[in-house]
Amino acid sequence: MLGYPAHFGQLECLKLIASQKFTDKRIGYLGTMLLLDERQDVHLLMTNCIKNDLNHSTQYVQGLALCTLGCMGSSEMCRDLAGEVEKLLKTSNSYLRKKAALCAVHVIRKVPELMEMFLPATKNLLSEKNHGVLHTSVVLLTEMCERSPDMLSHFRKVLTLVPQLVRILKNLIMSGYSPEHDVSGISDPFLQVRILRLLRILGKSDDDSSEAMNDILAQVATNTETSKNVGNAILYETVLTIMDIKSESGLRVLAINILGRFLLNNDKNIRYVALTSLLKTVQTDHNAVQRHRSTIVDCLKDLDVSIKRRAMELSFALVNGNNIRGMMKELLYFLDSCDPEFKADCASGIFLAAEKYAPSKRWHIDTIMRVLTTAGSYVRDDSVPNLIQLITNSVEMHAYTVQRLYKALLDDISQQPLVQVASWCIGEYGDLLVSGQCEEEEPIQVTEDEVLDVLEGLLVSNLSSAVTRGYALTAVMKLSTRFSSVNRIKKVVSIYGSSIDVELQQRAVEYNALFKKYDHMRSALLERMPVMEKAATNGPTEMQTNGEVEPSALDSKHLPGVTQPSGQANDLLDLLGTNDVVPVIQTAAPTKPASAGGELLDLLGDLSLSGGATPGPAAVPPMPVSQPPSLLDGLSSQNLLNDIASGIPPLTAYDKNGLKIEFTFERSNLNPNIVVITIHASNSTEAEMTEFLFQAAVPKTFQLQLLSPSSNIIPALNQGTVTQVIKVLNPQKQQLRVRIKLTYTHQGCPVQDLAEVNNFPPQSWQ
């Protein structure tokens, strides 16, 4: 008892139960219920005493035995004493019948197979006048219906419970004042609630039962007093019943109107219950819930955080093409004033709603920019690439957008997603900003030096993250083909060639090389990005940019003979921020051999991905004679892959967070330019890694084929490995470089990582 040992009193309780005095038995049974439970073997000693007392001549002794058995009876005791309980359930004594019904509920929970034993006794239970017996009988019938579909069908068809329950419920709501059962002017609300719950179970997915109870539910909904909490409890149960059964449309509208009235109640609990219920029904009865939209929006101003969260979720569920402007206005106002804990979910909901129902592209862009300005630190990672894609595809809005974003940068540079989008847009459309071509609003007068001052300010600001600086430096570089201040841009780029940030340093070094060695190609490489095709997904499009936007050398229109990939090939990753993915199996290779231009792309980190597609039959277009040999040439049949071990030492490509990736190498005896790499993925942690996905990309001078893995689950504690084969064609015998992307789920958390492997053994590529 309360965590202390109570064995000292257990045997004393058994002695008191065995006594012939009622006072001793009462104390003994009370002590037993407090000090004993079914985990102690001592309780089995009292089975015989309880059996004797169940057959006692005094009803109060029988009641004590029923209460004790219903409180702490084990499955063994219930099996032994179920017969006595069933007999008492048929007795005419109301005092014993209500206790026996509750005891039967405990017996059924402990030993469900004894349910049929009590079936005959249930026939006359609902004809009892005593409310205590009716209440416990409804509890017993509910338990039987919930636990057994056969019992549920029996009560629907054979015993026809619904008419009996309807009769009882009608008598309760039509009866006059009864002091014995009255609670705040309502006759026995506890029994009404129990009956409504049982009707809900009986009417679910059953047309006949639902039709039989439609009228009484309408009467309860219209005749119940709502001024007291008791009436609200009954109305709430009525609403739940109406929504669960196959009710008429008018009845469902009545139920939603009741919930709408609940929203005006001063009690916070009632408002919360109403919002939760409306959230469950909004998908099936959208128009009826829409009538209460203004009341729901008012709940966003509630001081209670639980009510605000439910109101926010319901508000997003109510958004459609007709009310998008008004609802977004309210939700943006809520985003401005809400607590930080709501901002991430609210911003995400606004993004999804705007993408789905935006009336115009300008409105869409303005809304997303307003969210980034208000709650930029709380938005999802994919919001930046999504907005960039939206802006790119809205050709007529480029001047307006870059002007708006430039103004936003002048006001605030603390919201990093907004700054990243603004930097990208200024880099792409800076010429439109300086020329003042905006027609949607009054253009502003901006000089080239002012624009560069802003971008340089971002590069040195302590508020800017590493990703933001990368966006800003790339924007400065792009402006070298749009502005005349090329010398100033060269100085800015050269400064960051020695940056402590490796990513920024790499960009600056590559851009410096572009100025010095390949200046004749700079304007073509840095030209404006083309319209982006949006992949068909279930949710918002995710653009794998890794925090950067590469120059427009990635535009596939400069690569003749290469068609844009789709679907799974696109998912192969733009590991280096490019969409130039070339699935070897599905598309023809470029007609031009690798040249200085190809080397430049490699220098910029723009590895043209040779996407590894799943092996299978695929139509390969006829290839011109001038093309390099296809990776698949001579490898179409499995028996031709007689690779011979070449003595190449293995390589550990990745070893982090318990995941180890090792490469082993073989050479094809049919084509010495092909190296076959087998990856071996092992897991040293204590939990398995699921949904494992290995993806790879190689420079443009190589061709790559990625075969299917042996599994997507890596066992824990190095108890097994996942293998996958990569075939790389290296006709020019250049040093091999591979960039890999690893995706997996570990202990319920998704993990994603990038790595570059450039220390391949010379034997693997020479």
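Taken as a whole, the condition of being open to solvent by 40 Å² or more (accessible area, probe 1.4 Å) and within 23 Å of the chain's Cα centre (by Cα) does not apply to Glu330.
In the set Thr222, Thr238, Thr226, only one residue is surrounded by 21 or more Cβ atoms within 10 Å (Cβ to Cβ) and either out of contact with any Pro (no Cβ under 6 Å at 6 or more places or on another chain) or closer than 17 Å to Arg167 by Cβ (or both); that residue is Thr238. Scanning region 651-691 for residues that are more than 14 Å from Tyr744 (Cα to Cα) and of a type in the set (D, E, K, R) yields a count of 5.
Within the option set Tyr429, Tyr400, Tyr406, being touching a His at 6+ places or on another chain (Cβ under 6 Å), under 19 Å from Arg528 (Cβ atoms) and surrounded by 14 or more Cβ atoms within 10 Å (Cβ to Cβ) holds for one residue only, Tyr429.
Got a sec? Which helices (runs of 4 or more DSSP H) wholly within region 136-234 have at least 2 residues that are touching a residue at least 40 places away in the same chain (Cβ under 8 Å) and of a type in the set (Phe, Trp, Tyr)? Here the list is empty. The listed residues are Ile388, Ile350, and the only one of them that is closer than 21 Å to Arg528 by Cα, open to solvent by less than 10 Å² (accessible area, probe 1.4 Å) and under 29 Å from the mean Cα position of the chain (by Cα) turns out to be Ile388. In this structure, is Leu390 closer than 30 Å to Ile258 by Cα and part of a helix (DSSP H, G or I)? No: the conditions fail for Leu390. Scanning region 505-551 for residues that are modelled with pLDDT of 50 or more and within 15 Å of Asp382 (Cα to Cα) yields Lys534, Ala535. Among the candidates Ser187, Ser175, the residue that is modelled with pLDDT under 90, over 27 Å from Cys71 (Cβ atoms), among the polar types (S, T, N, Q) and out of contact with any strand residue (DSSP E or B) (no Cβ under 7 Å at 6 or more places or on another chain) is uniquely Ser187. Output yes when any residue across region 106-115 is of a type in the set (Asp, Glu) and modelled with pLDDT of 90 or more, and no when none is. The answer is yes; a qualifying residue exists. Among the residues making up region 1-49, those that are modelled with pLDDT of 80 or more, within 25 Å of Ser75 (Cβ to Cβ) and of a type in the set (Gly, Ala, Ser) are Ala18, Gly28, Gly31.
Conditions tested, residue by residue: (1) modelled with pLDDT under 90; (2) within 22 Å of Leu410 (Cβ to Cβ).
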site: Glu439; (1), (2): yes, yes
site: Val451; (1), (2): no, yes
site: Val476; (1), (2): no, yes
site: Ser485; (1), (2): yes, yes
site: Val502; (1), (2): no, no
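Being closer than 26 Å to Glu503 by Cβ, surrounded by fewer than 20 Cβ atoms within 10 Å (Cβ to Cβ) and either modelled with pLDDT under 85 or of a type in the set (Asp, Glu) (or both), is that true of even one residue in region 738-746? No: zero hits. Counting residues in region 44-54 that are of a type outside the set (S, T, N, Q), over 20 Å from Met115 (Cβ atoms), without any contact (Cβ under 8 Å) to a residue 12 or more places away in the chain and in contact with a helix residue (DSSP H, G or I) (Cβ under 6 Å, 6 or more places away or on another chain) gives zero. Could you name every one of the strands (runs of 3 or more DSSP E) located completely within region 715-766 that has at least 2 residues being under 16 Å from Asn673 (Cβ atoms)? Per the criteria, 722-729. Looking at region 381-421, which of its residues are charged (D, E, K, R) and at pLDDT 85 or above? Correct list: Glu396, Arg404, Lys407, Asp411, Asp412. If the condition is being open to solvent by less than 50 Å² (accessible area, probe 1.4 Å) and not in a loop (DSSP other than H, G, I, E, B), then region 432-447 contributes Leu432, Leu433, Val434. For region 680-699, check the following and say yes or no: at least one residue is part of a loop (DSSP other than H, G, I, E, B), β-branched (Val, Ile, Thr) and either in contact with a helix residue (DSSP H, G or I) (Cβ under 6 Å, 6 or more places away or on another chain) or open to solvent by less than 10 Å² (accessible area, probe 1.4 Å) (or both). Yes: region 680-699 contains one or more residues that are part of a loop (DSSP other than H, G, I, E, B), β-branched (Val, Ile, Thr) and either in contact with a helix residue (DSSP H, G or I) (Cβ under 6 Å, 6 or more places away or on another chain) or open to solvent by less than 10 Å² (accessible area, probe 1.4 Å) (or both).
Cβ-Cβ distances below 8 Å connect the following pairs, each with a first residue in region 268-283 that is within 13 Å of Met312 (Cα to Cα), a second residue that is basic (Lys, Arg), and a separation of six or more residues or different chains: Tyr272/Arg310; Leu275/Arg310; Thr276/Arg310; Leu279/Arg310. Taken across region 714-725, residues that are in contact (Cβ under 8 Å) with a residue 60 or more places away in the chain, open to solvent by less than 30 Å² (accessible area, probe 1.4 Å) and within 36 Å of the chain's Cα centre (by Cα) do not occur at all.
Residues of region 415-448 that are touching a Gly at 6+ places or on another chain (Cβ under 9 Å) and over 15 Å from Ala472 (Cβ atoms): Pro443, Ile444, Gln445, Val446, Glu448.
Comparison of Asn287, Asn257, Asn265 shows that the only residue that is surrounded by fewer than 20 Cβ atoms within 10 Å (Cβ to Cβ), among the polar types (S, T, N, Q) and farther than 26 Å from Val193 by Cβ is Asn287.
The values are calculated or read from the model by the stated rules, or taken from the named source; none is laboratory data. Just so it is clear, the structure is predicted and the values come from calculations on it, not from any experiment. All Cβ positions, even for glycine, are placed from backbone atoms using ideal geometry, and neighbour counts span all protein chains on display. Side chains included, ligands, DNA and RNA excluded: accessible areas come from the protein's heavy atoms. Shrake-Rupley method; radii C 1.70, N 1.55, O 1.52, S 1.80 Å.
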